[in-house]
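These notes concern the structure reproduced below.
The values are calculated or read from the model by the stated rules, or taken from the named source; none is laboratory data. Treat the numbers as computed from the prediction; the structure is a model and nothing was measured. Cβ: placed from backbone, ideal geometry, glycine included. Neighbour counts: every protein chain shown. When the accessible area is computed, the model is the full protein with side chains, heavy atoms only, and any ligands, DNA or RNA have been set aside. Shrake-Rupley method; radii C 1.70, N 1.55, O 1.52, S 1.80 Å.
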Amino acid sequence: MDGTGGRTGAGAAQRRGRRIMMSGKEVDAFLREQRTCRVATVSPDGRPHVGALWFAWDGTSMWLYSITRSRRWADLRADPRISVVVDAGEEYGELRGVELSGRAVFVGEAPRTGEPCPELLEPERLFPLKNFGIAQMPHDGRHAWIRLTPDAVVSWDFRKM
């Protein structure tokens with residue numbers, strides 16, 4: 001027996017996919033502990049662009065603090081479609097990750113100077129603690145917030161195989 005119940009091809013892959021999928025609680029914990037994500041955007045000429053960025057996860061949305069004069073920012077202004085991957089692991093059997101996709105939403109002033117914005121209270125509490133070990137969000141006048149509330153979430157944890 002091959003461990004797939006005799007199934008081969010797409011059926012076997014789908015069963016394996018379900019088996020290694022993270023639960024909602026596992027996805028939440030993973031995104032809260034990881035620091036770096038890879039953000040994919042689409043340029044006006046159709047070329048993909050991928051760059052690394054720190055993020056905060058509030059349990060519903062991913063918050064990206066991006067430089068407003070970046071290619072990422074310009075791409076998302078022109079086309080808000082976005083995919084983000086967060087992954088971890090060195091050895092094959094340790095690999096795990098989450099891919100989130102949907103549409104970017106710009107929140108607050110750009111660039112961010114710290115003007116009151118109730119919607120940013122939680123990300124501006126989470127982000128500096130996670131990434132800098134400080135309680136107060138630093139504003140440099142070059143970054144601003146992008147929120148991704150995913151339409152789709154795909155996860156994998158090879159440790160479950």
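Of the numbered conditions (1) assigned to a loop (DSSP other than H, G, I, E, B); (2) free of Cβ contacts under 8 Å to residues at least 40 places away in the same chain, Glu124 satisfies every one except a single condition; which is it?
Only one criterion is unmet by Glu124, namely (1).
Can you report the number of residues in the stretch 39-62 which are in a strand (DSSP E or B) and surrounded by fewer than 22 Cβ atoms within 10 Å (Cβ to Cβ)?
The number of residues fulfilling the criteria is 9.
List the number of the failed condition for Arg112; all other conditions in (1) assigned to a loop (DSSP other than H, G, I, E, B); (2) open to solvent by 20 Å² or more (accessible area, probe 1.4 Å); (3) of a type outside the set (A, V, I, L, M, F, W, C) hold.
The failed condition is (2).
If I filter the stretch 119-127 for residues that are among the aliphatic types (A, V, I, L, M) and open to solvent by less than 40 Å² (accessible area, probe 1.4 Å), do I get at least one hit?
yes
Name every residue in the stretch 76-95 that is without any contact (Cβ under 8 Å) to a residue 60 or more places away in the chain and over 17 Å from the mean Cα position of the chain (by Cα), in order of residue number.
Residues satisfying the conditions are Arg77, Ala78, Asp79, Glu90, Glu91.
Kindly provide the set of residues from the stretch 143-161 that are in a strand (DSSP E or B) and under 30 Å from Gly114 (Cα atoms), ordered by number.
His143, Ala144, Trp145, Ile146, Arg147, Leu148
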